[in-house]
Structures are given as C-alpha cells and as structure tokens.
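Since the structure comes first, as structure tokens, the remarks are kept for the end.
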Amino acid sequence: MLELRLVQGSLLKKVLEAIKDLVNDANFDCSATGFSLQAMDSSHVALVALLLRSEGFEHYRCDRNISMGMNLNNMSKMLKCAGNDDIITIKADDGGDTVTFMFESPTQDKISDFEMKLMDIDSEHLGIPEAEYQSIVRMPSAEFARICKDLSSIGDTVVISVTKEGVKFSTRGDIGTANIVLRQNTSVDKPEEATIIEMNEPVSLTFALRYMSSFTKATPLSSTVTISLSSELPVVVEYKIAEMGHIRFYLAPKIEEDEDESKPQV
Amino acid sequence: MLTLRPSHLLRCTCLSRPFNLLIPPISSLSFRPKPLSLSSLNPYSNMSSRPSAFDALMSNARRLAAKKTPSSSSSPAKKRKSPSPTPNPNAIDPTELKPDPEIPTAGIEKPINDSPKPNLDETEKPTDSKKAKAAGSASERNAELKGKIGLLKKKPADFDPKTVACWGKGERVPFLFPSLAFDLISNETGRIVITDIVCNMLRTVIDTTPDDLAATVYLAANKIAPAHEGLELGIGDASIIKALAEACGRTEPHIKTQYKEKGDLGLVAQASRSSQSMMRRPAPLTVVKVFESFRLIAKESGKDSQEKKKNRIKALLVAATDCEPLYLIRLLQTKLRIGFSEQTLLAALGQAAVYNEHHSRPPPNIQSPLEEAAKIVKQVFSILPVYDIIVPALLTGGVWDLPKTCSFTPGVPVGPMLAKPTKGVAEIVNKFQDIDFVCEYKYDGERAQIHYMENGSVEIYSRNAERNTGKFPDVVSAITRFKKSSVKSFVLDCELVAYDRAQKKILPFQILSTRARKNVVVSEIKVDVCIFAFDILYLNGQSLLHEQLKVRKEKLYDSFEEESGFFQFATALTSNDLEEIQKFLDSAVSSSCEGLIIKTLDRDATYEPSKRSLNWLKLKKDYMESIGDTLDLVPIAAFHGRGKRTGIYGAFLLACYDDTNEEFQSICKIGTGFSEAQLEERSASLRSKVIPEPKSYYRCEVKPDVWFETSEVWEVKVADLTISPVYSAAIGIVDPAKGISLRFPRLVRVREDKTPEQATSSEQVAEMYNAQKHNQTNNEEDGEDD
C-alpha cells in the first residue's frame, strides 16, 4: 500500500514538466525514505535523478519498496488536470498495475481521481557516488536558463570553462560566436541572486546545448542552480527542491572536435 | 538476466584499468581516462569506441572513497598475496585501490577495455570465480567471437557448432554474431561458400539458442514478417540520418555530406565516430532485441510515428558496436546487399536442419540428403512462406517431415505460377506434341488469389502476395454468391479485369489502374471488375497443388456458378490444331485480351508456386508483330537530352536484375517509344532519384551523365537480343566476358506493380537470347553483320 499526500501539488507538476521531454518512460521508486526516479535518455548521454524525501509530504505511507513504471507523457497529461493549488495524493496497491492520482481543490469542494496504467520497464539502476568536483558554480536558475536559450540560437554546443576570472559559456555557429562570462558576485540583496564560483582547479568542458536547454525546464522548481564540473566527468546540474530533495541532471561531455579530427580515420 | 549482466560487467573495467591502481590518490583530480585512446584498439573505430563518462565518474569516486577509508584491514590479506598476471575483478576490493606496492604491477598487462561495465552495487561483495568469468567483459567476448568467426567457412561436415559460440546455451544470441557472419559473406562470391557460412551460422544458433533461430532467419532474409502481412519498416533515409546524427552527436548536414561521399548510410554509420560520450553503454544488442525493435518500428503508426521510429533506431544505434551499425542500417533500409539470396538462405536452413536432425529419418533411397533437404525447405517455403511456422516445425518435427507439418493454408498466399513466353502458335504445337493442353485467354487485368476461409472471411492477394482485400470490397462481398453451397473453403487463382457490364465488354488495364488502392467503399466504385477464374488451389480443406490441371479444372467448374460480368471462367479451348489455335488467339485479341496462356492438362501439370514453368506458356499479340517478349527493366541512369530534348533526359540506361549476384546489370539505352509528355513525366519522376555515384550493386561499363536510385520498372518491347561487349546483362551466362543487349527497345508502359528486384532477371534474358538463337540462327548472324 502506497499513499503520498503532497500539499504543494504544483511541485509534482513542475517536476514532470522538467523531465518528460528528456525521458519517455521511467520507474518511480518508493521506499520508506522517499520517492525517487532515475532514468537515462534514449541516447544514454544524459541521466536524471529525482529525489523527494518522505519528510516533504504531508502524509507518507509506503509499506514496502515499490517500483512503478510510468510513461511520463501520460503522467504529465494527468497531472495537467490538477489545479496549481490542488493537493495531490498518489496511491497504489502492492502488486497492482495502476496508480491513482487524486486532486483535491484547496477548498475541498472538488475531488478528482485519475487512474493510470503502469508499465513494465527494463531499467538498470546505477549507483551514483558523491564525487568531488574541480569546480562548482552556483547561480540564479533563471540566468542559466537565459544563457542556454541565447546560446542555442547561435550554436549546438556550449563550452563551459571555469577559471579564476569566472565562468565562461561560449558557443560557435554558422553565423558567428558568442561568449558569456559571469563573475563571482555575492554582494546582492537576496542570497538566491548570488553567483558563487568555487574553483579548485580550472576546467573546461563541451556539452550538447540541446540537453542543457532541456535541463533548464526545471527552472521553476528552484531559484538557484548548481553546476558541478570535473574534466572527463559528467557535469551535474542540480536544482534543489525546497526542503524536499533535488532534481539532478548528469550530462556526458562531448569529445572535443579538434582532438577528434586529429585521430586517424579508419 | 540480460538487464543484470551489463551492470556487473560495468564493474570490472574501472577496477581493472591499470592506471587506476598506479595513480596515487593525491593526483586523482587530474586523472584522465583518455577515452580516445580506446578507439585505437578497435579496428572499426566507430561509435563503439565511445567512452563512457560514467565509468570515469565511477572510478574517480571509488578512488575518493578509498582515500577516505585508508584502513586496509577490511581487505582480505589472502587475496593480496595471490595477484594474478591478469587482475581478477573479484579479487579487487575498493580499499585496495589505494597505492599498494604489491598490487600495481599486477594490472599492467591488462589491456584497456572500453565496453565492459562495472557496477557499484556489487563491488563490495566478493563474487565467485564463475561469475567473474561470465562477466569476462563484453569486449573480450567480442574479440573472441571475431577471432572465431572465420571458422564458419569450414565445410559443414567438419564444422562443430560449439566452436564459435561465445555465449552460453539458452542465452540470447548477440547481434554481433550475424553481423560478423554477414561481413564474412560480403567478402565471398562463391555460392557454395556462402551457403556453408549461412548453414554453419544457423547451426550455431540451433545448438545454443534454438528459440532465436526464427529471428536470425528473418534478419538474414532481411524481412520482418511474411509478405502477406504487409508489415513494412517504412523508414526513409531522412529518419535514419536524423537518428544517426542524434546517436553520435553530429549534425544532420554532417551526416548528409558523408552520405554523399560514401553513398551508403551503413558505411557512414560504421565510420561515424561519436563526438559525444555516454553516461554508460547500453546492454549489447541481441538478435531478438534487434528483430523485435524492427517489428515495433514497423508497427508504429499515427501521430509522431516517424519520431517514435527514429527514437527506436537511435536506441539501437547507440548500443551498436563493431560492424553492427553497418548491418543495422542496411537491414533498416532493407538493402542488405551482401550477395546472397533468400534461396541460398533456404538451402542453408535445410542443410542446417539435416545436421541437427534428431527427429525424423531421411527416406532410405536418398543419395544426397543435404540437397534433398534444401529442396524440401525451398518447396515448403514456396507454398507456406512463413518463417514463424517453418522454423519451429523444422526444430521440433525435423526436415523430412516438414512437408507434412507445413502445408498450404488458406490465408497465406502462395506465389502465383508464371508462364514462359513463346513466339508463335507453331512453337507451341511443336513443344506440346502428344500432350494434351488447353489454351486460355490471357486477360489484361490484375492477377489475384482469392482466399475463402472456413469461417467465411475472404482475403485477396496480389501477384506479390500483398493483401489487396481493401482494394476490392465488391469482389469480397460478391464472391460467396458464386460458390456452390457445398463449398466451405477455397483458394482461387484468377484475373480481376475492368469490365463494362452495360456493353458486356472487357476494358483495358489502364482503366483498372484508375481504381483507388485501399479502403475502397463499395458505393464509390466507378470501375466494375469481373473475376475471370482459371485455377483452384484449395478446396474444402484439401490442397489441390499436387493435382493435375485437368482435375483442378473439373473441381473449379464443379464448385462455382458463372454470372456474366461478375464471375466467369476464363475462356478456354482444348485443341491441338494449329489453325484453330490461331483463330482462338485472334478472337482473344479482339476481345481485349493480351493473348493466350497455354497449359498442359494432365502431364507435369501440378501447380508450381512462383515458378515460371515450361508447362505454362504465354503467347502475346505483340509477339506476332515482332520477335521476342517484352522485358521489365529498371532505369538506373540517364543521358542529358540535346536539341529538342534539352532540359530533360534524352535517353535512359536500363538494367535487368541478376538475383544470383543481387546486382543490376545494364542492358540497353532507350530513347524511343516515349511521347513528349511521357518523357517529361519520366524525367521529372526520376530526377528526384539522382544519386552522385552508381551503387556498388550496379554492373555497368557505360558512362552516363547521371545515375539513379532504382525505383521504377518499365516494360520494354524489343526487336531482338544480341551479344554485346558494352552491356553487362547476363554476363557470364551466354558469353564469359560479354553481356546481352537489346535492339530497338521501345517503352510500352511503366510497371507500377513491380519493384526493381522483380525486373526481368538476367537468367530470363539469357534464356530469351538462347531461344531466339535457336529459332532463327541464320537471321541472327545477318543481324550481327549489320
């Protein structure tokens, strides 16, 4: 028996909007500690990890660990039927093949039940270790979204380099090039407007902008975003979900082209 | 099981990478796994060499973990005392990753592997050695398989099916196996060697995982379902290019440029080194996984179906390694083109079954059981072209009982029996001396096989075994009216002909072709058709294929009632009087028929599916006017027009199809027989098929201005056939170094019902040439002197 009651229903809606374009089908795993998801996109280039801790729910009951395979597009269709102020309850029976979403309006005068079929999804769960990164950048999420959007109109890839000077996002396309540099800035009124750069070692990595832009769909979840970089490692783009958990996107870097072309072609 | 394997494979790479062990923790931050160096180990240097960034993440993290727990007390001392030259993954514990004077040397010889995947969850648990062996890294397995694949070339008699397989009994066959076998085949030209390879490949599959045999056979046949199911992949190059671009992190224009250079998307896929690293490599492809994905791709329909298809292709491409991308793409394009035909596959299947025979014994008096088995499988396939039935029947019932277990079934169309061309009534009378034969009108319509099942349902199949039921709802609803009440099920061979019921007149084929192709509604039909039935293949649960025509005809006449303008028996004449037949031919031509079909009645008169048999001859009115038959040929290239034809193509280069070598062979230029409008229409329609270079499977010595992708089939009438040093048709059959060309070719019409592969075959061309030479040796020599 599973019953999760989330007062801030809009949060779940936002989570779905953030990941449904990246991943088609995924398993939601529920345990006594929380509600989580881990999935890779079809190219195995990006990985999304979601965690909503049990403390964040008004009511959290999960008798035994359960894994529910859902088509995220269908799930999103259902959640779109919930109002932004609605309380969402997720219910499922052990061994059942459906999940129920219940939406209650804040005034309790409207209660809707949506039942969705579950699916069997083959997926391997990866243990992701906590790594130490060469550079970590924290910045306003809206700023990051804006940068990705702007660069996408010029090129396909983004080079993110962290140096003493700050963090630089650059791209190159048929029409020209673009460089955006952000400097450390902590003297702001609100802490979430700060840009904080922790650099242990300079790092420069190239990524497909398509994925980065897709990650920024999580912007409504958090006012800040943390980007952790290390050479040859997947970048982690993390959006904290207030008091509940996080959504983390991992993206494998591109292999730099010039290095690529210097390799003998077979 | 499958989903688990990659995860514990995941484990050994990181741990067995020697430099992990060598690098002191302090420098771990500058650790670079050098993913690119991996590719140099791979002869194909393709997407397979894509490094997994996740591996790096994992190993890095593990090292950090090791740094945090410097205590080595948990690591069993006994393990450290026995370092083997190749590090055994289960002997290494994360805690051992810290620098240790004893261990580093242990790992040095171990080559870097790119594909195996370690799994964190299991790292702490010591595994038994068996498991470690099973984990023995995907790339090692690939290398092993590659090393052994050449063994498939052994003579089947000396081949032990256990030698090549590197996967366990009952495990899914890796897709790499058929891919490597295809690679082997593509380098061979001899039919016997190719048959041996295919046979040994199938035997290996039977020996390990018989459940995968059907999927393997389907892939080798480059099919996803029997033809009558009408299931097609329906993927254009555009989708493949998109999927390729996304799978290897390239742009579409980049792929397109490469496509132009190489002319084969398969080669592009093979050469496309990825510019995008992966979180982690997906599980290796299996034959079943690939085949099932193909079927799912074919079944996608409706909104976003192209997108869904593309995503499925991408998922396959991402997991493909080695030479897999090449064959994956070619299979998707249904252009395997490695030089072996389905007949070869059937022969190999039959032979493989003989070696595997436990179930039934060969009939005692057979001299060569292998050839006999090949014949049986081919024959069974011709009446039941469904691998899903034949393959399990072979495995459970054995090859000698196959004809009993697999027989003609209503609902599964057989290839229609075909007729050979002849040149005149005299030839027929000569050929059929002392044999009873019947002459029938050859109607100019659409060949159809009407299946009436016992449950009352009706299906209509075309000449190519495609389901045409939706095109003729009027026939479906009417057919029950004509059968006598005693008839419970039947299969009719007939011609559907456009018919003017008011004037009781047969209308030409062109009228019939104006009918809509599918989802026709009865009330909207403007062109009526009449069914002209001439043969019956199945009646009340009994196959009649082995009955003589005389018997079949009697059954046909006994089972149906004619209804003028709706259902008629083909007009027939039994006579061997030359004069009478000539008259009959004239009357056939005057009632808008193409000519006559002449069939033997009671000697060698069984129904031979898909065979162009000498027992059926056709006599067309055209043959009266000139010599020879029409040929169905494929335009493969063109010459720019000059003068009046500037701006369009002035002449086209035609080719026939050689199904032995799977190639198109040039046969003649054609520039006449076109109306101006026709020429423009053909130019326009072919202009979109222009390709920069001839396909590898075009055989042609002529240098045209532009090349085409094969797409159309043209019916061409010719005056006669000559030996030519310039053209390549039927080269090696009539003359070792010269081909056959056509004199005075004229376009008759575009054959929309034929695909390029169904064009006149080079064997037919050679036969026509020989027949012509035989009949008019003197004229021929005169002709060549011109």
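The values are calculated or read from the model by the stated rules, or taken from the named source; none is laboratory data. What you see is a predicted model; the values in this text were computed from it and never measured. Virtual Cβ from ideal backbone geometry, glycine too; neighbours counted across all protein chains shown.
Please pick out the residue among A:Leu51, A:Leu4, A:Leu37, A:Leu11 that is more than 14 Å from chain B (Cβ to nearest Cβ), at negative phi and not in a strand (DSSP E or B).
Values: A:Leu51 fails: not in a strand (DSSP E or B); A:Leu4 fails: not in a strand (DSSP E or B); A:Leu37 fails: not in a strand (DSSP E or B).
Just a single option satisfies the conditions, and that option is A:Leu11.
Inside segment A:6-39, can you point out the residues that are farther than 22 Å from A:Asp97 by Cβ and among the basic types (Lys, Arg)?
Those that are farther than 22 Å from A:Asp97 by Cβ and among the basic types (Lys, Arg): A:Lys13, A:Lys14.
Among the listed residues B:Gln306, B:Gln270, identify the single one that is within 12 Å of chain A (Cβ to nearest Cβ) and either in a helix (DSSP H, G or I) or polar (S, T, N, Q) (or both).
One residue alone meets the criteria, B:Gln270.
Could you say which residue among A:Ser76, A:Ser43, A:Ser67 is within 12 Å of chain B (Cβ to nearest Cβ) and small (Gly, Ala, Ser)?
A:Ser43
Identify the residue in segment B:689-710 that is among the charged types (D, E, K, R) and assigned to a loop (DSSP other than H, G, I, E, B) and, among all such residues, is surrounded by the most Cβ atoms within 10 Å (Cβ to Cβ).
Across segment B:689-710, the extreme among qualifying residues is B:Lys695.
Go over the candidates A:Asp122, A:Asp85 one by one and state the one that is under 30 Å from B:Asp304 (Cα atoms) and either part of a loop (DSSP other than H, G, I, E, B) or within 14 Å of another protein chain (Cβ to nearest Cβ) (or both).
On the way: A:Asp85 fails: under 30 Å from B:Asp304 (Cα atoms).
Going through A:Asp122, A:Asp85 in turn, the sole match is A:Asp122.
Kindly provide the set of residues from segment B:688-732 that are β-branched (Val, Ile, Thr) and at pLDDT 85 or above, ordered by number.
B:Val690, B:Ile691, B:Val706, B:Thr710, B:Val713, B:Val716, B:Val726, B:Ile731 - these are the residues of segment B:688-732 that are β-branched (Val, Ile, Thr) and at pLDDT 85 or above.
Filter segment A:243-266 for residues that are at pLDDT 90 or above and under 30 Å from B:Val268 (Cβ atoms); which is nearest to the other protein chains (Cβ to nearest Cβ)?
A:Ala252
Kindly evaluate B:Leu747 against the criterion of being on the phi < 0 side of the Ramachandran plot, crowded, with 16+ Cβ neighbours inside 10 Å and in contact with a Gly (Cβ under 7 Å, 6 or more places away or on another chain).
yes
What's the number of the only condition in (1) surrounded by 14 or more Cβ atoms within 10 Å (Cβ to Cβ); (2) at pLDDT 90 or above that B:Glu561 fails to meet?
(1)
Working only within segment B:723-744, note down all residues that are surrounded by fewer than 22 Cβ atoms within 10 Å (Cβ to Cβ) and within 22 Å of B:Thr660 (Cα to Cα).
B:Ile723, B:Ser724, B:Pro725, B:Val726, B:Gly732, B:Ile733, B:Val734, B:Asp735, B:Pro736, B:Ala737, B:Lys738
For (1) crowded, with 22+ Cβ neighbours inside 10 Å; (2) within 20 Å of the chain's Cα centre (by Cα); (3) farther than 24 Å from B:Ala157 by Cβ, each residue gets a yes or a no:
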residue	(1), (2), (3)
B:Pro362	no, no, no
B:Gln367	no, no, no
B:Val386	no, yes, yes
B:Asp401	no, no, no
B:Lys404	no, no, yes
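From the set of residues in segment B:226-263 that are closer than 18 Å to B:Tyr327 by Cα and of a type in the set (Ser, Thr, Tyr), which is farthest from the other protein chains (Cβ to nearest Cβ)?
Out of the qualifying residues, it is B:Tyr259.
Provide a single number: the residues in segment B:137-174 that are among the charged types (D, E, K, R) and part of a helix (DSSP H, G or I).
Total satisfying the criteria: 7.
Among the candidates A:Phe169, A:Phe207, which residue alone is assigned to a strand (DSSP E or B) and in contact with a helix residue (DSSP H, G or I) (Cβ under 6 Å, 6 or more places away or on another chain)?
After ruling out the rest, the residue left standing is A:Phe169.
Please determine, by comparing only the residues of segment B:463-483 that are at pLDDT below 90 and part of a loop (DSSP other than H, G, I, E, B), which one is nearest to B:Met417 (Cα to Cα).
Here the answer is B:Arg463.
Which residue is farthest from A:Thr33 (Cα to Cα), if the candidates are limited to segment A:198-242 and must be under 16 Å from the mean Cα position of the chain (by Cα), more than 9 Å from chain B (Cβ to nearest Cβ) and charged (D, E, K, R)?
A:Lys217
Of all residues in segment B:273-303, how many are part of a helix (DSSP H, G or I) and within 10 Å of chain A (Cβ to nearest Cβ)?
If we filter segment B:273-303 for residues that are part of a helix (DSSP H, G or I), which is where we start, we get B:287-299.
Imposing the further condition that a residue be within 10 Å of chain A (Cβ to nearest Cβ) reduces the set to none.
So the count comes out to 0.
Return a yes/no flag: does segment B:322-338 have any residue that is within 14 Å of chain A (Cβ to nearest Cβ), surrounded by fewer than 24 Cβ atoms within 10 Å (Cβ to Cβ) and either under 30 Å from B:Leu265 (Cα atoms) or at pLDDT 85 or above (or both). Steps first, please.
Within segment B:322-338, the first condition is being within 14 Å of chain A (Cβ to nearest Cβ), and the residues that meet it are B:322-323, B:325-326.
This time we only want the ones that are surrounded by fewer than 24 Cβ atoms within 10 Å (Cβ to Cβ), so: B:323.
Next cut, either under 30 Å from B:Leu265 (Cα atoms) or at pLDDT 85 or above (or both) only: B:323.
Yes, segment B:322-338 contains at least one residue that is within 14 Å of chain A (Cβ to nearest Cβ), surrounded by fewer than 24 Cβ atoms within 10 Å (Cβ to Cβ) and either under 30 Å from B:Leu265 (Cα atoms) or at pLDDT 85 or above (or both).
Test of understanding: among A:Asn84, A:Asn71, which residue is within 23 Å of the chain's Cα centre (by Cα) and over 23 Å from A:Val7 (Cβ atoms)? Write out each step before concluding.
Working: A:Asn84 fails: over 23 Å from A:Val7 (Cβ atoms).
Only one candidate qualifies: A:Asn71.
For segment B:426-443, does any single residue satisfy the condition of being touching a Pro at 6+ places or on another chain (Cβ under 8 Å) and either touching a residue at least 60 places away in the same chain (Cβ under 8 Å) or surrounded by 17 or more Cβ atoms within 10 Å (Cβ to Cβ) (or both)?
Within segment B:426-443, none of the residues are touching a Pro at 6+ places or on another chain (Cβ under 8 Å) and either touching a residue at least 60 places away in the same chain (Cβ under 8 Å) or surrounded by 17 or more Cβ atoms within 10 Å (Cβ to Cβ) (or both).
If a residue must be in contact with a Leu (Cβ under 9 Å, 6 or more places away or on another chain) and not in a loop (DSSP other than H, G, I, E, B), how many such residues does segment A:125-159 contain?
13
Being assigned to a helix (DSSP H, G or I), surrounded by fewer than 17 Cβ atoms within 10 Å (Cβ to Cβ) and not small (Gly, Ala, Ser) is the filter here; which residues of segment B:226-253 pass it?
Across segment B:226-253, the qualifying residues are B:Glu229, B:Asp237, B:Glu252, B:Pro253.
Which of the residues belonging to segment B:133-190 are modelled with pLDDT under 85 and buried (at least 18 other Cβ atoms within 10 Å of the Cβ)?
B:Ala135, B:Ser137, B:Ala138, B:Ser139, B:Arg141, B:Asn142
Would you call A:Leu51 of a type in the set (A, V, I, L, M, F, W, C) and touching an Asp or Glu at 6+ places or on another chain (Cβ under 6 Å)?
Working: of a type in the set (A, V, I, L, M, F, W, C): yes; touching an Asp or Glu at 6+ places or on another chain (Cβ under 6 Å): no.
For A:Leu51, the condition - of a type in the set (A, V, I, L, M, F, W, C) and touching an Asp or Glu at 6+ places or on another chain (Cβ under 6 Å) - is not met.
Of the residues B:Ala651, B:Ala684, B:Ala677, B:Ala655, which is of a type in the set (A, V, I, L, M) and closer than 19 Å to B:Ser762 by Cβ?
Sole residue among the options that is of a type in the set (A, V, I, L, M) and closer than 19 Å to B:Ser762 by Cβ: B:Ala655.
Between residues in segment B:711-733 that are over 13 Å from B:Ser666 (Cα atoms) and in a loop (DSSP other than H, G, I, E, B) and residues that are aromatic (Phe, Trp, Tyr) and at pLDDT below 85, which pairs lie under 8 Å by C-beta distance while being six or more apart or on different chains?
Matching pairs, first to second residue: B:Val718/B:Phe744; B:Ala719/B:Phe744.
Let me spell it out: the conditions are (1) over 16 Å from A:Leu251 (Cα atoms); (2) more than 14 Å from chain B (Cβ to nearest Cβ); (3) surrounded by 19 or more Cβ atoms within 10 Å (Cβ to Cβ); (4) of a type in the set (A, V, I, L, M, F, W, C), and A:Ile175 meets all of them except one. Which number is the exception?
With (1) over 16 Å from A:Leu251 (Cα atoms); (2) more than 14 Å from chain B (Cβ to nearest Cβ); (3) surrounded by 19 or more Cβ atoms within 10 Å (Cβ to Cβ); (4) of a type in the set (A, V, I, L, M, F, W, C) applied to A:Ile175, the lone miss is (3).
Within segment B:664-684, can you find the residues that are farther than 21 Å from B:Ser728 by Cβ and either surrounded by 14 or more Cβ atoms within 10 Å (Cβ to Cβ) or among the β-branched types (Val, Ile, Thr) (or both)?
B:Thr672, B:Gly673, B:Phe674, B:Leu679, B:Glu680, B:Glu681, B:Arg682, B:Ser683
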